[in-house]
Every structure is written in C-alpha cells, then in structure tokens.
Amino acid sequence: MASKIGVYFDQQNIGGGIDANALVAIVQQKWGGLAPVVKAYPVLADAVADIEADIQANELDGVLICGGSPRSDWEIYQFGSVQVERVNLLEQVVHAIADAEMRMQVAVDYVNMGVVKLQKSNVPDSAAIETVKRVLVVGGGWTGLNAALEAARTGYEVVLVEKAKTLGGKAVNMPRTSPLSAPWTELSDCGLEGKIAAVQADKLITVYTGSTIAKVSGQPGDFTVSITTPSGAVEVKIGAAVLATGWVPLADKYLECMGLGKSDKVTHMGAFAAKMLSGQVNAKRIAFVLDTTMAEEFAAAQAAEAPAEAEAAPAPGKQAEEELETPKFVKEDLECLRHLRYSNAVNSVAAVRMANLYCEKMDDAAQVFILYKDMTIPGILERFYKNMQNRLGIMMTKADVTDIRENGDHMTVECKNTLLGMDFDLDVDMVVLPTGIVPTTAKEAVMQFDYRQGPDFPDLGLFDGFTDSNYICFPYETRRTGVYAAGCVRQPMTMDQCQEDASGAVLKAIQCIEAADHGVAVHPRSGDTSYPVFNFVRCTQCKRCTEECPFGALDDDEKGTPKPNPARCRRCGTCFGACPERVISFANYNIDQIGSMIREVEVPKDFRTFGPRILILACENDAYPAMDMAAMRNKPWSPYVRIIPVRCLGSVNAIWVSDAMSKGFDGVMLMGCKYGDDYQCHFVKGSEICNRRKENIAETLNRLGVEPERVEQFELAIDEYDKVPGMIDAFVEHIMRMGPNPFKGM
C-alpha cells in the first residue's frame, strides 16, 4: 500500500476551470503525512524531472496526477516501481460540470478518492513464467498453411496438425481463385502446391497429417498438447495456438425448399467447385442464385407453427448432422440460417469467380446467370466484380427468386422485381445455391481443452459457433486466452482475407507468448501486471468464480478449490465480482479499494438543499471513454454524480452497492457495454452477468428497506457519447422524484 504519496496538479489540463492552488491547500490539510508532497505546475508534462526528484528525496511510493483523462498521456508519467494513479479533472469536472461552485466540490471528492485508491493499492508481484517459443497451428488448409509459414518466418517453431491425410483443405478445389494481388481484376493462380511444398521443406515446421488434438492443458506460454497421430500419441509443448480449422457447409435441409438434396440439378457452391474441377458439370445454362429469401420465409413459417416444446431443443450449432435430417424448423433453426447471411460476401465473390471459370471451361459456349438479392463484394475485390460484369457469357441481375422447380429435363427459376424491369421464368440446366459457411467449432470440440469449463469453446448463443471473443475490438482472439482464430472458423472470408488473417493471428499468438514471458496481460488490458490473488483460508468452494470466468482461467481441485492460471487471465475481475466471501482480489484493484473510494465521497445530509449523490460505476472500455468524449464535446451532466471506473461490470461486487447506500448515496448507476444480440462487452459477458447479479442486489435492498429502483444498469457503446448526459440527467431526475435514501444521515 502506498504510504507516501505525491499529489500533482496540471494547471494546463485543468484549463482554468478549477483553482489548483486551493486544491493544493485542501489536500495538504486533509492528508498531511500521507501526502508529503502536494504541488501545482503550469504544465505538468514539463515537470517530470521534478517529480522524479521528489520521489527520491521523499521516498514516495505513490504518485497522483490530477489533470486530464487517464486515457491520455499515460506514457509520460511512468516512474518505475512507483505506483501512479490519475484523477480526471479536465473531462469529468471542468468540461462536465457547468456550475462553477459545484465544480470545486466534485474536484475535491475525486482527488480524495484518488488518494485513497493509491493508499489501498499495491504493486503486483510478477506472474512471469518460462515460456515455450513454439506455435501450434490447427488446420492445414489455405489459412493454416499461411499461418505456419508466417510463424516460421519470425523464427518460431511450428507444429501443424491437419485432420485429413493430406494438406490443402478446401483450397484443393480452387486452383484458381479470386484475385490475391494487384491489380485485383483477374483470377489468380492459387499456388497451393507451392505453399504445401514450402511448409514441408521448412525445418522449423513439424507437420502431422491424419491427426487430431486429443487434449490441451496448461496456460499461454506453457501449454501441453496431446496429438493423436496415425503412429500413436504425441505430446508437445507450445506457447500459443492458431486455430485455422475452417468450415463445413450448412446442412442441406435448410435449402431443401429450394431443391437442394431433392434434385440432382441443384447443388451449392462448395459442392459445385469440386464437381467442376472433376469434370462432372456439363450444363450449358447455369443459374447462381444468391437470394435465399424463400428458405428463410419457409423456415420462419414452420417455426411459428412449431409446438412450444420444440423450441427447447438444443441449438443446431451443437447438433450432429443426423439430428438435422427432418425438415421441420423451430426457433433455433432460424438462428442457424443466419450463416447464409453471414456468408453472402463470400458467396457473391464465389459466384462471380465460378461463373468466369465455367465460361472459360466451356470456351464461352455456356450462359451463366447470377441472380442476387444483395451483391456483396468486399473491399478491393470490387475491381474484380466490375471487370466480370463485362465478361462474355455472364449476366447478372437483382431479382427476388420466388420459386425453383424441376421442369422435365431442366430447372425453372421464377424471378420477380428484376433490374430488367420485368418478371420472368428462367430455364436452366443447373441451379447453384449459396453455401452456408458454418465454422468447424460449431460441430465439434476441436481443441479438447482440459479445462474446468469443458473441452470446447464456450457457447454463449451469440456467435453461431464462431470463436471470436469480440469482433469489433479484438479480432482473432477467442474465448480461450492463447488461442487465436484465423480464416473461416472466425468468420466467412475470401481467400485473400484468409491469407491476411493468418498473419494477424500469428502476430497475436507471438505477442501472447512474449507477454506471458514478461508476466503481463495481452488483451484487452495490455501490459497489466496484476492477476487475481486468493485467500484460500476463507474460500467456501462455491465454484462461482470458476463457473463465471469468461475465459476459463480457473480450474479447481477435487474439493472445488480454485486453481488459478494467471496467463489465461484477462484481468477483468469477474471472479471477485462473483465471490460472496470476497476472498479474491488484485493487488491494485480490490473490493476494499473501491469501497474506500465510495466512502470517501462527501455526501450531504440535506437532500433538498444540496441535492442527491449518485454513484456511477462505469466500465473502462465503453462507458468511461464515452463519458470523456461527451465532455470533450461540451455535453455536460449533473454535478450530483461521482464516477468510479471499473474494469468490467462483471467485476462489480454487491458490497459496493451496500457501501454506497450505507454512505448515504441516493442511487447507483451501473454503466457498461451492450449485451445480448447487440453484444459488445470486451470481457464477453460482464454486462450480462452484472444484470443477473442486479436481481440479487434488489433482494438485498428490499430486505434493508431500500427501493431496488435506486440501482439501475445502463448499456452504452463507446460511440454513443451523445447519450451520456441524457442517461445521467434522467436518472438524477428519477432519484429526485424518489426522494432521499432512507439511510441518509444514519
């Protein structure tokens, strides 16, 4: 704990909105010997040398910087092992509080909270481990081959595991693909054979074909992987893994109403590529149909008529193929059909590519029609699409495909609302439907984790089997730290995107190994040296921490006692938010620390004269930055709130709400990321967990005679800063109508 703290005010970043010298006097009077150095500088960034001198002369073990947001200029104020905390007087006081008199009261509260936070904080011990400089690549298709080569180029050893007997994956059906390089207008040679040869010749790469992962145990930097090979079991040590296991096609049942599986004249794009390569396609007229509205409407109609008990069936992403044979649809099937929409960009490019290839194969004697609802061409491949629009033998039109039926020796596709300005029936020899790209992780536990939470990536019902932990902010990262997804197991991609994705995932894997070597977190709290510490004497083995950890960082023994794996931990604090006995803490983020900050706020007893006091616990990833941005855009809010950033709403312990109510706070706002269908939580399910815990908080408040409506949770994306003042002011008005906390003044 910091016992000698230097408090420094940055007058430039306070902007004249607060009397810094008055704050200096207040801090000196209140904190005395705990803060032997209290100074104000015109430009604090120019006084770093003075701060370092003060640290030496006064043996300071804590430095409190009072000025701008902790989200800016953090790299300036680094003083070795001396703890540094920031008090945000610029954005969340000067810019946010319009009333000049109230502004000083708010500033005093924040500075006092900052001093207490340092007083209750310790320097974390090192969690560094001896790491293994080796990367596992699971999957030997296009993405996996590129990942293995990229990792080897960095000097890391690579173990490549492929389930099939040969390398190449689905790319073997694509000797020519959509453009992979400039000028991005013509088909590219895949170069798959060269990739395979390069992998097999590289001395840093060990390849196991016809092999699967039997078990993964350990933690980033020091995983042990058991591999089942044709020659027997093999055990290897790795530091991190790249998951490149690709995809499987959506079950035929979902497109059966469009003829798939019922007529040999109807196929999907994934199967068409293999048939064309093997010479099994000799049609003169082919229709590529990208509009799947028929299938979606058919499934929706059946699901609406399905009995209620049918909706209790397991999600299709975890069912075996044989369980999907009966073409009866329930609610979960509608979710599975989303794979078709997710795959539209890949299918759009594939339709253009294969149409071109087939015209070449038939020496321009074929006619190919591309009928689309939405033609989605990603990025620079627009050049390829525009070039193919002029290709002889290819005709493209927007159309609503309302029926596909067998008509003697040919197929008839009914088209409405076309770009030609007329409805028509198109007679063709073959119909090619889109392929729904379903990640392999939706069908099987590819990695076989030896974790307390099971062998699979956790199924949260939000990702349809895809493994990303946050698409918006953290591409490649899965919900198992140290395992990074690339290619179509992460999201549907074209081959150029898969190639780039492989490089990104490899860089993440290497970053993870290096971070474990230094004992720091990789993401999203990059460089954080803290990790959860357990007081096992008081642990009741309730298992809440192990069950609620979003990343499987905690195993347990036969009694249920948690077994931490620090390198798996992403430092969100969800475990100590879950713990009813409060036996879990971080050295620099703990229950007592936040509780002490809450108790440090000056809460007036006279509600009507001086107004309410409302605590805001704001997640540091979305809500807190949104507040900063709102203030910087001159969008002020009520002076009655006091804001404490938390790592995640999942870390909020009910005791903090009790502390606030006992102190006399009149309300508590829990502001965090969005969850549910519009999921954006950086720690996967922190906001969702907090919402569940709020029910328990409500029960506690009812027993205390305090209205549960005094505690509310709010969802806020980082770019919704314009909503911040309205949210805060509306809640303040709500509390004003309710009146004072019954505990106020007690």
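Tabulated values for the structure
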{"item": "Unique match (being more than 19 Å from Pro580 (Cβ to Cβ), of a type in the set (A, V, I, L, M) and out of contact with any helix residue (DSSP H, G or I) (no Cβ under 8 Å at 6 or more places or on another chain)) among Val641, Val724, Val684", "result": "Val684"}
{"item": "Hey, Ile65 β-branched (Val, Ile, Thr), at pLDDT 95 or above and assigned to a helix (DSSP H, G or I) or not", "result": "no"}
{"item": "Residue list for the stretch 478-511, filter: out of contact with any helix residue (DSSP H, G or I) (no Cβ under 7 Å at 6 or more places or on another chain) and under 15 Å from Phe683 (Cα atoms)", "result": "Thr478, Arg479, Arg480"}
{"item": "Failed item, numbered, when Asp496 is tested on (1) among the acidic types (Asp, Glu); (2) within 19 Å of Met174 (Cβ to Cβ); (3) surrounded by 24 or more Cβ atoms within 10 Å (Cβ to Cβ)", "result": "(3)"}
{"item": "Residue in the stretch 578-593 that is over 30 Å from Ile718 (Cβ atoms) and not in a loop (DSSP other than H, G, I, E, B) present", "result": "no"}
{"item": "Residue check for Glu59: surrounded by fewer than 16 Cβ atoms within 10 Å (Cβ to Cβ) and in contact (Cβ under 8 Å) with a residue 12 or more places away in the chain", "result": "yes"}
{"item": "Those strands (runs of 3 or more DSSP E) lying entirely in the stretch 183-263 with at least 2 residues surrounded by fewer than 22 Cβ atoms within 10 Å (Cβ to Cβ) and over 26 Å from the mean Cα position of the chain (by Cα)", "result": "205-208, 212-219, 222-229, 232-238"}
{"item": "Any hit, the stretch 172-181, residues being open to solvent by 20 Å² or more (accessible area, probe 1.4 Å), basic (Lys, Arg), touching a residue at least 24 places away in the same chain (Cβ under 8 Å) and more than 20 Å from Val225 (Cα to Cα)", "result": "yes"}
{"item": "Those residues of the stretch 495-542 which are of a type in the set (S, T, N, Q), touching a residue at least 24 places away in the same chain (Cβ under 8 Å) and either part of a loop (DSSP other than H, G, I, E, B) or closer than 18 Å to Ile129 by Cβ (or both), in sequence order", "result": "Thr529, Ser530, Asn535, Thr540"}
{"item": "Whichever residue in the stretch 499-519 is open to solvent by 40 Å² or more (accessible area, probe 1.4 Å) and charged (D, E, K, R) and, among such residues, is nearest to Leu337 (Cα to Cα)", "result": "Glu500"}
{"item": "Pairs with Cβ under 6 Å, 6+ apart, first in the stretch 24-42 and over 20 Å from Val601 (Cα atoms) and modelled with pLDDT of 95 or more, second charged (D, E, K, R) and in a helix (DSSP H, G or I)", "result": "Val37/Asp54"}
{"item": "The stretch 76-85, subset open to solvent by 40 Å² or more (accessible area, probe 1.4 Å) and closer than 18 Å to Asp50 by Cβ, residue farthest from the chain's Cα centre (by Cα)", "result": "Gly80"}
{"item": "Residue match in the stretch 658-673 (condition: at pLDDT below 95, open to solvent by 10 Å² or more (accessible area, probe 1.4 Å) and part of a loop (DSSP other than H, G, I, E, B))", "result": "no"}
{"item": "Checklist (1) under 20 Å from Ala516 (Cβ atoms); (2) in contact with a helix residue (DSSP H, G or I) (Cβ under 7 Å, 6 or more places away or on another chain) applied to Ser585, failing item", "result": "(1)"}
{"item": "Gly139, sole failed condition from (1) touching a residue at least 60 places away in the same chain (Cβ under 8 Å); (2) small (Gly, Ala, Ser); (3) farther than 22 Å from Thr441 by Cβ", "result": "(3)"}
{"item": "Of residues in the stretch 147-160 being more than 24 Å from the chain's Cα centre (by Cα) and under 21 Å from Ser211 (Cα atoms), the one surrounded by the fewest Cβ atoms within 10 Å (Cβ to Cβ)", "result": "Glu157"}
{"item": "Residues within the stretch 196-239 that are aliphatic (A, V, I, L, M), within 17 Å of Tyr156 (Cβ to Cβ) and touching a strand residue (DSSP E or B) at 6+ places or on another chain (Cβ under 6 Å), tallied", "result": "7"}
{"item": "Only listed residue being outside any strand (DSSP E or B), within 22 Å of the chain's Cα centre (by Cα) and modelled with pLDDT of 95 or more, chosen from Pro636, Pro625", "result": "Pro625"}
{"item": "Candidate set from the stretch 456-493 (those that are within 29 Å of Asn173 (Cα to Cα), open to solvent by 20 Å² or more (accessible area, probe 1.4 Å) and not in a loop (DSSP other than H, G, I, E, B)); member that is modelled with the lowest pLDDT", "result": "Pro475"}
{"item": "Sole residue being over 27 Å from the mean Cα position of the chain (by Cα) and surrounded by fewer than 23 Cβ atoms within 10 Å (Cβ to Cβ), chosen from Arg613, Arg599", "result": "Arg599"}
{"item": "Single residue of the stretch 86-124 satisfying the filter (farther than 17 Å from Asn634 by Cβ and assigned to a loop (DSSP other than H, G, I, E, B)) that is least open to solvent (accessible area, probe 1.4 Å)", "result": "Ser121"}
{"item": "Residue within the stretch 212-232 that is free of Cβ contacts under 8 Å to residues at least 60 places away in the same chain and among the hydrophobic types (A, V, I, L, M, F, W, C) present", "result": "no"}
{"item": "Qualifying residue in the stretch 655-662 (condition: closer than 24 Å to Glu720 by Cβ and touching a Gly at 6+ places or on another chain (Cβ under 8 Å))", "result": "no"}
{"item": "The stretch 379-418: number of residues that are open to solvent by less than 30 Å² (accessible area, probe 1.4 Å) and under 28 Å from Ser181 (Cβ atoms)", "result": "6"}
{"item": "Val413 farther than 28 Å from Asp496 by Cβ and either of a type in the set (A, V, I, L, M) or in contact (Cβ under 8 Å) with a residue 60 or more places away in the chain (or both)", "result": "yes"}
{"item": "Failed item, numbered, when Glu715 is tested on (1) at pLDDT below 90; (2) of a type in the set (D, E, K, R); (3) touching a Cys at 6+ places or on another chain (Cβ under 9 Å)", "result": "(1)"}
{"item": "Test: residue in the stretch 426-434 that is open to solvent by 30 Å² or more (accessible area, probe 1.4 Å), touching a strand residue (DSSP E or B) at 6+ places or on another chain (Cβ under 8 Å) and under 22 Å from Phe298 (Cα atoms)", "result": "no"}
{"item": "Restricting the stretch 600-621 to residues that are outside any loop (DSSP other than H, G, I, E, B) and of a type outside the set (A, V, I, L, M), the residue that is nearest to Cys473 (Cα to Cα)", "result": "Cys619"}
{"item": "Cross-chain or 6+ apart pairs with Cβ under 6 Å, the stretch 182-204 first and on the phi < 0 side of the Ramachandran plot, then surrounded by fewer than 18 Cβ atoms within 10 Å (Cβ to Cβ) and in a loop (DSSP other than H, G, I, E, B)", "result": "Ser188/Leu180; Cys190/Pro175"}
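The values are calculated or read from the model by the stated rules, or taken from the named source; none is laboratory data. Treat the numbers as computed from the prediction; the structure is a model and nothing was measured. Virtual Cβ from ideal backbone geometry, glycine too; neighbours counted across all protein chains shown. Accessible surface is based on the protein model in full, side chains and every heavy atom, while ligands, DNA and RNA are left aside. Shrake-Rupley method; radii C 1.70, N 1.55, O 1.52, S 1.80 Å.
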